[in-house]
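A.B. asks: Dropping the structure in here first, questions after.
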Amino acid sequence: MAPGDACERVPMDTLLAMFREHDRSGDGTIGAEELARLVKALDKESYWTEERLQSLIEGFGLEKGRVKLSSFARVLYDGPQAALYEVVREDLVKVMDSPDWDDGSYAPYLIRLAWHSSGTFSKADCSGGSNGATMRWALEAGDPENVLLDGARKFLEPIKEKHPWISYADLWILASYVAIEHTGGPRIKFTGGRVDAAEDKAVAPGRLPGAEKGIADGMEVDEEGRLKGWENLAAHIRDVFGRMGLSDREAVALICGGHVYGRCHPHGSGYAGAWV
């Protein structure tokens, strides 16, 4: 079972037949021991480490009983990564809402984390971006545009500890996918494979868009009600998103769509209330 495509070469009927051969109970279910044996029997490229297998077994609730072979097959049929990431998805959903947190949902926080980890990307040399999770390092974490995101990273630590096989880079992006879906957005197909980078790959402050970049001091407005210096800010935003390889239209979609989530906090940004 190689990540992504091995199961696609095995027809579902064939896969179920292989499962039934390992069904000692005779009732169409499988327990933890049988499941581990079966997964390893199908594993041709040593994808299933003990950490990954443990996440899968716990995710299917086998510590409480057994699981139907057909249910396991249909999830696994999309490939081993899909099955594993589905388990992490479920754990993320369980902690997404909390009456004790801000407006009751961690979703906006996690979306901001994913965006700020992605927004450093440079198309020219492929540096920065979500691959690497380099906000773990002080240089990038200290970017003023990343203020308060240490809390989002800490919030995801229990998930990382439970599933140590997943990279921080994948976890941060997957968490944002789950956040979008959980708040009424579409389910986004997740493709893993991001790896965590060393400290020397951290991105220095300056790549993320600044909300007041180029605006004249005093926050004065012109005769049309626009902040003086708005042309400088517009050029800055175009430069930042252009560096990532994005068009003006895509930039507007990301800026407006992303800032519909959550709100500003005076102790972080100096602003209060919704952005848009």
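A.B. asks: Counting only C-alpha contacts under 8 Å and six or more residues apart, can you give the relative contact order of the range 96-237 as a whole percent?
C.D. replies: Relative contact order here is 26 percent.
A.B. asks: So, one more: Counting other Cβ atoms within 10 Å of each Cβ, which trypsin sites (Lys or Arg not before Pro) in the range 215-247 have at most 16 and sit in a DSSP loop?
C.D. replies: Qualifying residues, ordered by number: Arg226, Lys228.
A.B. asks: Something else: What angle, in degrees between 0 and 90 and rounded to the nearest 10, separates the Cα long axis of helix 80-95 from the longest principal axis of the Cα atoms of the chain?
C.D. replies: Its long axis makes an angle of about 60 degrees.
A.B. asks: Could you state the orientation-averaged shadow area of the convex hull built on the Cα atoms of the range 90-188, in nm² to one decimal?
C.D. replies: Over all viewing directions, the range 90-188 projects a mean Cα-hull area of 7.0 nm².
A.B. asks: What order do you get for 85-91, 11-17, 266-272 when each peptide is scored by the mean count of other beta carbon atoms within 10 Å, highest first?
C.D. replies: 85-91, 11-17, 266-272
A.B. asks: With a 1.4 Å probe and every protein chain kept in, tell me what percent of the accessible surface of the chain is carbon plus sulfur.
C.D. replies: 53
A.B. asks: Take the Cα atoms of the range 157-227, find their three principal axes, and give me the spread along each one in whole Å, biggest first.
C.D. replies: Here the spans come out as 56, 38, 21 Å, largest first.
A.B. asks: Note down the relative contact order for the chain as a percent, whole number, built from C-alpha pairs under 8 angstrom at least six residues apart.
C.D. replies: Averaging sequence separation for qualifying contacts and normalising by length gives 16 percent for the chain.
A.B. asks: Right, something else. To two decimal places, what compactness ratio does the range 225-276 give when its Cα radius of gyration is scaled by 2.2 N^0.38 Å?
C.D. replies: Here the answer is 1.29, to two decimals.
A.B. asks: State the volume of the convex hull built on the alpha-carbon positions of the range 21-178, expressed per residue in Å³ and rounded to an integer.
C.D. replies: Residue-normalised Cα hull volume stands at 138 Å³.
A.B. asks: Follow-up question, since we're still on this one. Normalised radius of gyration for the chain, please: alpha carbon Rg relative to 2.2 N^0.38 Å, two decimal places.
C.D. replies: Dividing the Cα radius of gyration by 2.2 N^0.38 Å gives 1.21.
A.B. asks: Arranged from highest to lowest average of other beta-carbon atoms within 10 Å per residue, in what order do the peptides 216-222, 133-139, 48-54, 108-114 appear? Walk me through the intermediate numbers first.
C.D. replies: Numbers: 216-222: 10.4, 133-139: 19.0, 48-54: 15.4, 108-114: 23.4.
Ranked from most to least packed, the peptides come out as 108-114, 133-139, 48-54, 216-222.
A.B. asks: Treat each spin label as a single point 7 Å out from the Cα along the C-beta direction, and report the Arg249 to Asn232 distance in nm.
C.D. replies: Label at Arg249, label at Asn232, 3.1 nm between them.
A.B. asks: Which length gain, in nm to one decimal place, applies between Val93 and Leu148 when the Cα-Cα distance is subtracted from 0.36 nm times their residue separation?
C.D. replies: 17.6 nm is the gain from fully extending Val93 to Leu148.
The values are calculated or read from the model by the stated rules, or taken from the named source; none is laboratory data. Source: prediction; values computed, not measured. Because the Cβ atoms are built from the backbone with ideal geometry, glycine has one as well, and the counts that use them run over all protein chains shown. Surface areas here come from the heavy atoms of the whole protein model, side chains and all, with no ligands, DNA or RNA. Shrake-Rupley method; radii C 1.70, N 1.55, O 1.52, S 1.80 Å.
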